[in-house]
Structures are given as structure tokens and as C-alpha cells.
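Notes follow the structure.
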Amino acid sequence: MVGYKRIGRPGALGSRKDEVLKNYDKVYGVDNWRLVWNVNGTFVELDGALAIYEDAYFEHFKKNPDELKGLTENFANVYDNNISNVESWFDYYHQEFKGNHFQDIAIRRCLIRNGLWFKGTDLLEVRMREPGIRYNPGRIPFHRPEWIPQPELEGFWEAGTVESWYQSAKYLEVKNFDKKFDKDLYFITSNVGKVNSARRSLGEQFSLEQLALEISEEQETIEKIATHKARIAYATICRPVITDDSGFVIPDLGGYPGIRIGRELKERGIEHFLAMAKERPLDAYFLMTLAYFESTLKEPKLFTSKVEGKLISEQRGDVNKPFVKSLISMAFIINGQDKTIGEMTEEEYKANATTDRWKELLVFLKNREKEVV
């Protein structure tokens, strides 16, 4: 029988769950992975974890009977992230909306275990708003705090709570997988040029490996895209990850095209942008965000930089130069220069077009390394 090996703690999946699971299948293979929870040294699957999760709510209400009474007398039911949650009733596996909603189900089951039921008329959200936020699992104390694996993972939850146990005790295990995740950093990109540039920027102090995953880029800003990708990537491999995303902004056009620059170039062509600057050059800038994430951080660390210049009405230079990452660079002149990025030599590019985000990441990593030592 093939055994499982533990990869690490993926942390909270939340609304990103479907994308994370899709990447589990991509990286490890369908049916070759599972999530398990550490219950005082014994690893159990979801059924066992939810039994412990529910018991924490049960013990809380045992110590606070007035709260249970208030729920039954004042409300008709509870929900987490959507009022449709009431359709799940007592079934933890009936997850009809995005993400998981366990606390509302746990509360209903606790009422039944106490021989009680709702008698009010209003629904109560037990997530982020008063008065129901007190029943958020990130607020309810975990009844066996000594079972929470250390160090506790950080997130929206408070330390020592049900959610802290649930996330800190959750592990990804895989089988039939021989790859060793033994590098210092994993760069989530399909762009080899970006990886080579990162290696030059970081030097030899930190080993780096490229990994391509399937992650959506439907968020509103570059920063949100980088954050989303870093979270998905970390949850997939449970190792320190970096992502690097960019956009092209024309302020006079309301920020257009922003994160959609690649899509717009593909669909409309460079001519679409050249025509915009036919009457006069347009102020524009490249916005770039580098994200770093690993288990000791509550949120991905972002390093954002900007290269300002003007969009002109003709394309000039060589698109095949290694530092030309977008066709729009052929019609973009950096402030203070008279050449497009596509016309620059590599020395000119390094002197005028590179930003500090990689240097800032390197300083950050070195400082964290000292903290660990």
C-alpha cells in the first residue's frame, strides 16, 4: 500500500478553495492528495476534524447557556457567507456557496444536541457583522488549546480559537510524488525570462525554482492579482513563493488598460495604442508588484514600483531583446529619455528602466533570515 507523505500546512483556502484544489490535481495528480488534521498527534480526515470543530462550539455554549438561549429566542436561523447557507441544515458536506461554511452548521447541530431550536423571526449572520460576529470560529475559544500545533498560523482569526486550530492543524499529504520542494523560493510563472531576471537580482544566496500553476487573474488591481496568486501558490506547495505581476496605466484614460494590457494587445494589437497617441504623446506608466508569501506571514508581502513615461504613436526598437517583456514597450519612452525601451541597450535599460522591488525583496529576505537565526 502506497503511503502518504506530509507536504506542509496550506493555511486557509476560503473562497480560493476551488483553484487550490485544481492545482493540487495539476501538481500531485488526481486522487494523489488529501487534507488531514492533527488531533493531539493523530491525523484524521475532514469528518474527524469537524467533530472536534463542533465540540468546541458545544463546549462554548455549555459554558455560556445564555448565549444559546438568546439564539433560540431571537432568531429563526443562522448563516455564514450567504443566506442560502440555511439550506445545508446539519450537513457539513452540503456547501452550496463559495468557500466553506461550517460554523452555521455547527451551531444548528449544537442546538439539536441540547434539545433546542430557533423560535425567532430573523436570520443571524455569524461571520463578520454584529451581533453574530461573536460566533465566528475566529472568535470562539478552542476547548483544547493544547492541541493547537505550534506555531499557530496567522489569519483573520484570533489566537487560541476554533479557526486557529482548524487552520493550524490542517496538513496537505500526497502520494506517488517524488519531487522534493527543497529550494528557498518558488517563482510562480511560466515566463523563463522573468525567472532568469529574478536569479540575477537575488544572486546566489537564495535558491530559486520556477513553477507554473493555473491561477486566475480576474482581480481588480495588480496588487490584488499578486496577492491572490501568492496565496494560491503557497497553499499548493506549502513553501515560500514569489509572484511578479504588472500592468500599463494611462491616467487620462481612467487607468486603462491596467491589468488588461496583455489581453488588449492580443485582441486589438499595438496599433490600437499607437492610434491613441496620434495627436500627442500620452502620460503612462508601468506598475509592477512583486509578492512574497510563506507560513509565518499573515498577508503576502508586496513590493510595488512604477516606471513613468509617455506612450507615443510609433513603435521603435527590437521586440526580441531579452528585457522587452511587452510589445507596448516598443512605443513607451521613459521620462528623461529619448529612446523607447525597445531601442535601449541592456546597460541603458538597467540604468533607467529597472526598479527597486527586487532589491527590496532581497533586503527583506536577508532580514528574515537573520530573525530566524
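Within segment 78-89, does at least one residue satisfy the condition of being surrounded by fewer than 15 Cβ atoms within 10 Å (Cβ to Cβ), outside any helix (DSSP H, G or I), of a type outside the set (S, T, N, Q) and free of Cβ contacts under 8 Å to residues at least 40 places away in the same chain?
yes
Hey, can you tell me all the residues within segment 120-143 that are surrounded by fewer than 12 Cβ atoms within 10 Å (Cβ to Cβ) and in a loop (DSSP other than H, G, I, E, B)?
Matches in segment 120-143: THR121, ARG129, GLU130.
In segment 348-362, is there at least one residue being in a strand (DSSP E or B) and within 25 Å of HIS272 (Cα to Cα)?
No: zero hits.
Kindly provide the set of residues from segment 224-269 that are surrounded by 16 or more Cβ atoms within 10 Å (Cβ to Cβ), in a helix (DSSP H, G or I) and of a type in the set (A, V, I, L, M), ordered by number.
Selection gives ILE225, ALA226, ALA230, ILE232, ALA233, ALA235, ILE237, ILE261, LEU265.
Kindly establish whether LEU274 is modelled with pLDDT of 95 or more and surrounded by fewer than 18 Cβ atoms within 10 Å (Cβ to Cβ).
yes
Looking for whichever is touching an Asp or Glu at 6+ places or on another chain (Cβ under 7 Å) and of a type in the set (D, E, K, R) here; the options are GLU67, GLU87, GLU59. Which one fits?
The conditions single out GLU87.
Scan segment 268-283 and give yes if some residue there is closer than 30 Å to LYS26 by Cα and among the aliphatic types (A, V, I, L, M), otherwise no.
no
Only one of ASN74, ASN38 is surrounded by fewer than 20 Cβ atoms within 10 Å (Cβ to Cβ) and touching a Gly at 6+ places or on another chain (Cβ under 6 Å); which? Talk me through it step by step, then tell me what you get.
Details: ASN38 fails: touching a Gly at 6+ places or on another chain (Cβ under 6 Å).
None of the others qualify; the one that does is ASN74.
Have a look at TRP117, TRP165 and point out the one that is part of a loop (DSSP other than H, G, I, E, B) and not assigned by TED's automatic domain parsing to the domain that holds VAL241.
On the way: TRP165 fails: part of a loop (DSSP other than H, G, I, E, B).
Result of the check over TRP117, TRP165: TRP117.
Would you mention how many residues in segment 278-322 are farther than 18 Å from TYR256 by Cβ, among the basic types (Lys, Arg) and not in a loop (DSSP other than H, G, I, E, B)?
Number satisfying all stated conditions: 1.
Which is surrounded by fewer than 18 Cβ atoms within 10 Å (Cβ to Cβ) and touching a helix residue (DSSP H, G or I) at 6+ places or on another chain (Cβ under 9 Å), of SER190, SER216, SER207?
SER216
The values are calculated or read from the model by the stated rules, or taken from the named source; none is laboratory data. Note that this is a predicted model, so its numbers are computed, not measured. Here the Cβ is made from the backbone with ideal geometry for all residues, glycine too, and neighbour counts use every protein chain on show.
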